[in-house]
Amino acid sequence: MPGLRPSDRAATEGLTRDDRFGMARAMGENLALLHALGWPRPGRYDLATGTIAPVEDDRKEWVVAEARRWLVLARRHVLAVLRYTTPSSVSERESFMATTRLPTSRRPI
């Protein structure tokens, strides 16, 4: 469904059950295709060439470098979350969640 954003509630409200199942099936098939992809060597996607550029480093060095890169990203994420989750802000959110009733939806996905 080109142009449809499933996160846009207004765009998805008119979808039938079959439409929803069709979307879920298409996303599942796409995920399966992504898992079937493979290259003879590890690498990173290169936007300029539109393919996976092979890593020139030793495989062990590349794995270690990737692990360190992901650790840095995770740490940045954690620090950003901690910056916006002071004890008082967490308490306010907990209070809000405890007193707010969310509507239940029986609408199938």
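The values are calculated or read from the model by the stated rules, or taken from the named source; none is laboratory data. Values in this document were obtained by computation on a predicted structure and should not be read as measured data. Cβ atoms come from the backbone with ideal geometry, glycine included; neighbour counts cover every protein chain shown.
Numbers for the structure displayed
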{"item": "Tabulated pairs, region 46-65, first assigned to a strand (DSSP E or B), second of a type in the set (Lys, Arg), C-beta under 7 angstrom, 6+ apart or interchain", "result": "ILE52/ARG44; ALA53/ARG44; PRO54/ARG41"}
{"item": "Any chance SER7 is in a helix (DSSP H, G or I), polar (S, T, N, Q) and out of contact with any Cys (no Cβ under 9 Å at 6 or more places or on another chain)", "result": "no"}
{"item": "Residue satisfying all of: in region 1-36; more than 19 Å from the chain's Cα centre (by Cα) and hydroxyl-bearing (Ser, Thr, Tyr); surrounded by the most Cβ atoms within 10 Å (Cβ to Cβ) among these", "result": "THR12"}
{"item": "Yes/no for THR49 being at pLDDT 80 or above and loosely packed, with under 10 Cβ neighbours inside 10 Å", "result": "yes"}
{"item": "Odd one out for VAL81 among (1) within 23 Å of the chain's Cα centre (by Cα); (2) more than 26 Å from SER7 (Cα to Cα); (3) part of a helix (DSSP H, G or I)", "result": "(2)"}
{"item": "Verdict on TRP39 being part of a helix (DSSP H, G or I) and either surrounded by 10 or more Cβ atoms within 10 Å (Cβ to Cβ) or without any contact (Cβ under 8 Å) to a residue 24 or more places away in the chain (or both)", "result": "no"}
{"item": "Test: ASP57 is closer than 30 Å to ARG5 by Cβ, over 19 Å from the mean Cα position of the chain (by Cα) and surrounded by 10 or more Cβ atoms within 10 Å (Cβ to Cβ)", "result": "no"}
